[in-house]
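Colleague: This is the structure, below, for whatever I ask next.
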Amino acid sequence: ASKSINKLLGQSPEMLDKYESVALSLQKLKNNLFFKACVNFNPKNKLYQNTLWETLLDTDLYINPIPVKNHITDEKELVCVDAKNNLYLLSNTGKILWKRNISEKILGEIHQVDYFDNDKLQLLFNTENYLCLIDRNGKNVSGFPVKLNTPAGKGLTLFDYESNKNYRLWVPLKNNTS
């Protein structure tokens, strides 16, 4: 691999001029492998871009940040989940809008839905024991979380066949039912 990199750099050494430093790491956490990359741009390079924003969370994330839409402003925000099961909503400037502990690891994806077809968006996901629906203020929607009769084995699958917000959910359970 290093011969290939040296050959590439020999052909275009200027391609690295825009970087001041580059760091790569692999980290194993349980059954997951995380790849981290950090790049600092050279401030003398005309393509220099500074970090837009940074946010300090309690610990490492175990789900990649998920872009979501703020249904009030139409701006993009980010939902993050850390290794302590804290769920965060971050503004488009990196400000923590809310943080709450959900006590169990989220299985599968977090879906943004208009569950009540009222132009208000919520976060829908499941943990091993609960189906959760959280509003934009970080509060449980009335009637949620719903306790699952049998623990979930994986994350839910969301269907909206006619794109009319008539959602159907499928949660695979550990006893091979749903």
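Colleague: Quick check: net charge around residue 67, other residues with Cβ under 15 Å of its Cβ, Lys/Arg +1 and Asp/Glu -1?
Modeller: Surrounding charge for residue 67 is -1.
Colleague: Stretched out fully, how many nm does the piece from residue 38 to residue 66 gain, at 0.36 nm a residue minus the Cα gap?
Modeller: Result for the pair: 8.1 nm of gain on full extension.
Colleague: Pull out the extension gain between residue 159 and residue 146, defined as 0.36 nm times the separation in residues minus the alpha carbon to alpha carbon distance; nm, one decimal. All intermediate terms of the calculation are to be shown ahead of the outcome.
Modeller: Working: separation 13, 0.36 × 13 = 4.68 nm, distance 1.87 nm.
Additional length available on full extension: 2.8 nm.
Colleague: Could you check the simple spin-label distance between residue 75 and residue 97, using points 7 Å along Cα→Cβ, in nm with one decimal?
Modeller: It is 0.9 nm.
Colleague: Still on this model: Just the number please: accessible area per residue for the range 51-178, 1.4 Å probe, all protein chains included, in Å². Please report the intermediate quantities before stating the final value.
Modeller: Working: 7470 Å² over 128 residues.
Here the per-residue accessible area is 58 Å².
Colleague: Under a plain spin-label model, where a point goes 7 Å from the Cα along Cα-to-Cβ, how far apart in nm are residue 59 and residue 173?
Modeller: Here the modelled spin labels are 3.0 nm apart.
Colleague: Suppose accessible area is computed on protein heavy atoms with a 1.4 Å probe; arrange 35, 159 from highest to lowest.
Modeller: 35, 159
Colleague: Turning to a different aspect of this structure: Whenever you get a sec, line up 80, 38 from highest to lowest accessible area (probe 1.4 Å, protein heavy atoms).
Modeller: Ranking 80, 38 by accessible area, largest first, yields 38, 80.
Colleague: Determine which aspartates and glutamates satisfy two conditions relative to residue 105: a Cα distance under 20 Å, and not lying fewer than 8 residues away in the same chain.
Modeller: Result set, ordered by chain and number: 58, 60, 82, 128, 135.
Colleague: Run the reach check for residue 165 against lysines, Cα to Cα strictly under 20 Å, same-chain hits fewer than 8 apart removed. What comes back?
Modeller: Within reach: 69, 120.
Colleague: Tell me the accessible surface of residue 103 in square angstrom (1.4 angstrom probe, heavy atoms of protein chains only), to the nearest ten.
Modeller: 80 Å²
Colleague: Turning to a different aspect of this structure: How big is the charge dipole of the range 31-158 about its Cα centre, in debye rounded to the nearest 20, if each Lys and Arg gets +1 on its Cβ and each Asp and Glu gets -1 on its Cβ?
Modeller: Approximately 340 debye in magnitude.
Colleague: I've got another one for you. With r as the distance between the Cβ atoms of residue 128 and residue 25 and R0 = 30 Å, compute the FRET efficiency 1/(1 + (r/R0)^6) and round to 0.05.
Modeller: Values: r = 30 Å, r/R0 = 0.99.
It comes to 0.50.
Colleague: If you count only protein heavy atoms and use a 1.4 Å probe, how large is the accessible surface of residue 174, to the nearest 10 Å²?
Modeller: For residue 174, the solvent-accessible surface is approximately 120 Å².
The values are calculated or read from the model by the stated rules, or taken from the named source; none is laboratory data. Keep in mind it's a predicted model, so treat the numbers as computed, not measured. Neighbour counts are summed over all protein chains in view; Cβ atoms, including those assigned to glycine, are modelled from backbone coordinates with ideal geometry. Heavy atoms of the whole protein, side chains included, go into the accessibility calculation; ligands, DNA and RNA do not. Shrake-Rupley method; radii C 1.70, N 1.55, O 1.52, S 1.80 Å.
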